[in-house]
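Chemist: This structure is in structure tokens; I'll ask about it shortly.
The values are calculated or read from the model by the stated rules, or taken from the named source; none is laboratory data. Given the structure is predicted, the values throughout are model-derived calculations rather than measurements. As a convention, Cβ positions derive from the backbone with ideal geometry for all residues, glycine included, and neighbour counts pool all protein chains shown. We work out accessible area using only protein heavy atoms, side chains counted, and drop any ligands, DNA or RNA first. Shrake-Rupley method; radii C 1.70, N 1.55, O 1.52, S 1.80 Å.
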Amino acid sequence: MSRVGIIGAGTMGEAFIAALIRSGLQPSSIAIVVRRQERGQELAKKYGVTVVGLAETISSSDVLLLGIKPQGLSELLPAIAPHLRPQTLVISLLAGKTIAAISEGLSGHTAIARVMPNTPTLLGKGMAGYSLATGVTEDQKKFVDQLLTATGKSLLIPEELQNALTGTSGSGPAYFFRFVEAMIDGAIALGLSREDATTLTVQTIVGSAAMLEESGDSPTVLREKVTSLKGATAEALGVFNEAGISKIVADAMAASAKRAAELAQ
Ligand SMILES: NC(=O)C1=CN([C@@H]2O[C@H](COP(=O)(O)OP(=O)(O)OC[C@H]3O[C@@H](n4cnc5c(N)ncnc54)[C@H](OP(=O)(O)O)[C@@H]3O)[C@@H](O)[C@H]2O)C=CC1
Ligand SMILES: O=C(O)[C@@H]1CCC=N1
């Protein structure tokens, strides 16, 4: 049974605690390293994990999951390196940070998995892309597969596509939440109360997402089924197209991927 240490248990770190437990790991096998004791106590109470010091967590873990912000990595790696056993699998969730940079900061460690998840991981409905360094063993690959299956869906991708994946599925949930915010505001502008606007918009998005997953139809076919000839929807889509929605979305995704690349520095 693997012992897992987690350094940085915020939004994604917590999502991975939940996924590890869903994947069959005992909470007593999970140690977390936190900056704020109250956060540690909250997670210990909620999941039954143990709050442990940095050195002890690193030296006793078979798998070490990094869930801090990318900006904190250069300071953290020198504190990890002296305690890390060569056979420990390091899993990084950090946007932008390359396997090569992590390996270098860990004195040439080669058992590293780079994972780009997203927040629906919290519900087991996430989408993650992952890339593996050369030193990852078959058993460690199986562990990663099993863990990511518990987070939702996963794709093994070449590392050079990690930033593109960040711009697609990593940041993706925020694009939809932003769209929902805009739809709620639009409904209020049409005279609906905020409460009704929220109910109408959220259920529309939830139902549409379910159709994407369950109908077997492409997004194009599903859109066409809503769009009556010379009807109301066609007018709305005309406004989107006039504003250049495809370019706006592609530019936004490229901006996320570009920023992820910058975070590598
Ligand atoms: N949020 C997202 O949608 C996604 C995030 N990611 C990546 O996941 C990582 C985490 O992001 P997210 O969960 O959103 O960020 P959060 O800020 O929610 O979590 C980061 C956590 O790390 C803690 N922390 C920071 N430094 C240390 C340290 N030295 N020792 C122990 N704990 C520390 C923070 O503590 P404190 O509470 O005190 O600040 C915080 O709890 C990032 O690198 C991000 O790129 C990847 C994909 C999606
Ligand atoms: O905003 C970020 O940098 C991270 C990566 C993808 C989602 N959140």
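Chemist: Suppose the filter is in contact (Cβ under 8 Å) with a residue 60 or more places away in the chain and not polar (S, T, N, Q); does ALA187 pass it?
Modeler: Answer is no for this residue.
Chemist: Still on this structure, I have one more. If a residue has to be closer than 20 Å to LEU122 by Cβ and not in a helix (DSSP H, G or I) to count, how many in segment 149-182 make the cut?
Modeler: So the answer is 5.
Residue-by-condition table, conditions (1) near ligand 1 (Cβ under 9 Å from one of its atoms); (2) in contact with a strand residue (DSSP E or B) (Cβ under 8 Å, 6 or more places away or on another chain); (3) in the same structural domain as LYS153 (by TED's automatic domain parsing):
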{"position": "ARG85", "(1), (2), (3)": "no, no, yes"}
{"position": "PRO117", "(1), (2), (3)": "yes, yes, yes"}
{"position": "SER131", "(1), (2), (3)": "no, yes, yes"}
{"position": "VAL136", "(1), (2), (3)": "no, yes, yes"}
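Chemist: Restricting segment 142-178 to residues that are without any contact (Cβ under 8 Å) to a residue 24 or more places away in the chain and open to solvent by less than 80 Å² (accessible area, probe 1.4 Å), which is farthest from THR119 (Cα to Cα)?
Modeler: ASP145
Chemist: Another question about this same structure. Please determine, by comparing only the residues of segment 165-175 that are more than 9 Å from the chain's Cα centre (by Cα) and under 14 Å from LEU94 (Cα atoms), which one is nearest to ligand 1 (Cβ to nearest atom).
Modeler: Per the stated criteria, the residue is LEU165.
Chemist: Taking the stated definitions as given, is ILE80 in contact with a Ser or Thr (Cβ under 7 Å, 6 or more places away or on another chain), within 14 Å of ligand 1 (Cβ to nearest atom), in a helix (DSSP H, G or I) and more than 17 Å from PHE16 (Cα to Cα)?
Modeler: Criteria not met by ILE80.
Chemist: Turning to a different aspect of this structure: Would segment 97-113 turn up any residue that is touching a Ser or Thr at 6+ places or on another chain (Cβ under 7 Å), part of a loop (DSSP other than H, G, I, E, B) and of a type in the set (Val, Ile, Thr)?
Modeler: Within segment 97-113, one or more residues are touching a Ser or Thr at 6+ places or on another chain (Cβ under 7 Å), part of a loop (DSSP other than H, G, I, E, B) and of a type in the set (Val, Ile, Thr).
Chemist: Sticking with this one: Output yes when any residue across segment 19-36 is in a helix (DSSP H, G or I) and within 12 Å of ligand 1 (Cβ to nearest atom), and no when none is.
Modeler: The answer is no; no qualifying residue exists.
Chemist: Looking at segment 70-93, I want the residues that are over 20 Å from THR166 (Cα atoms) and without any contact (Cβ under 8 Å) to a residue 40 or more places away in the chain and have a partner that is near ligand 1 (Cβ under 8 Å from one of its atoms) and not in a strand (DSSP E or B) with Cβ atoms under 7 Å, at least 6 apart or on another chain. Which pairs are those?
Modeler: Filtered contacts from segment 70-93: ALA79/LEU54.
Chemist: Can you tell which of LYS46, LYS97, LYS69 is among the basic types (Lys, Arg) and in contact with a helix residue (DSSP H, G or I) (Cβ under 6 Å, 6 or more places away or on another chain)?
Modeler: Of the residues listed, the single one that is among the basic types (Lys, Arg) and in contact with a helix residue (DSSP H, G or I) (Cβ under 6 Å, 6 or more places away or on another chain) is LYS97.
Chemist: Can you tell me which residue is nearest to SER74 (Cα to Cα) among those in segment 1-18 that are open to solvent by 10 Å² or more (accessible area, probe 1.4 Å) and more than 9 Å from ligand 1 (Cβ to nearest atom)?
Modeler: If we take residues in segment 1-18 being open to solvent by 10 Å² or more (accessible area, probe 1.4 Å) and more than 9 Å from ligand 1 (Cβ to nearest atom), then ARG3 is nearest to SER74 (Cα to Cα).
Chemist: Given the conditions (1) open to solvent by less than 60 Å² (accessible area, probe 1.4 Å); (2) in contact (Cβ under 8 Å) with a residue 60 or more places away in the chain; (3) over 23 Å from PRO70 (Cα atoms), and given that ALA182 satisfies all but one, which numbered condition is not satisfied?
Modeler: (2)
Chemist: Pairs under 6 Å by beta carbon, first residue part of a strand (DSSP E or B) in segment 1-12, partner at pLDDT 95 or above and among the polar types (S, T, N, Q), six or more apart or different chains?
Modeler: Qualifying pairs under 6 Å: GLY5/THR57; GLY5/SER61.
Chemist: Would you say GLY40 is within 16 Å of ligand 2 (Cβ to nearest atom), among the small types (Gly, Ala, Ser) and crowded, with 18+ Cβ neighbours inside 10 Å?
Modeler: no
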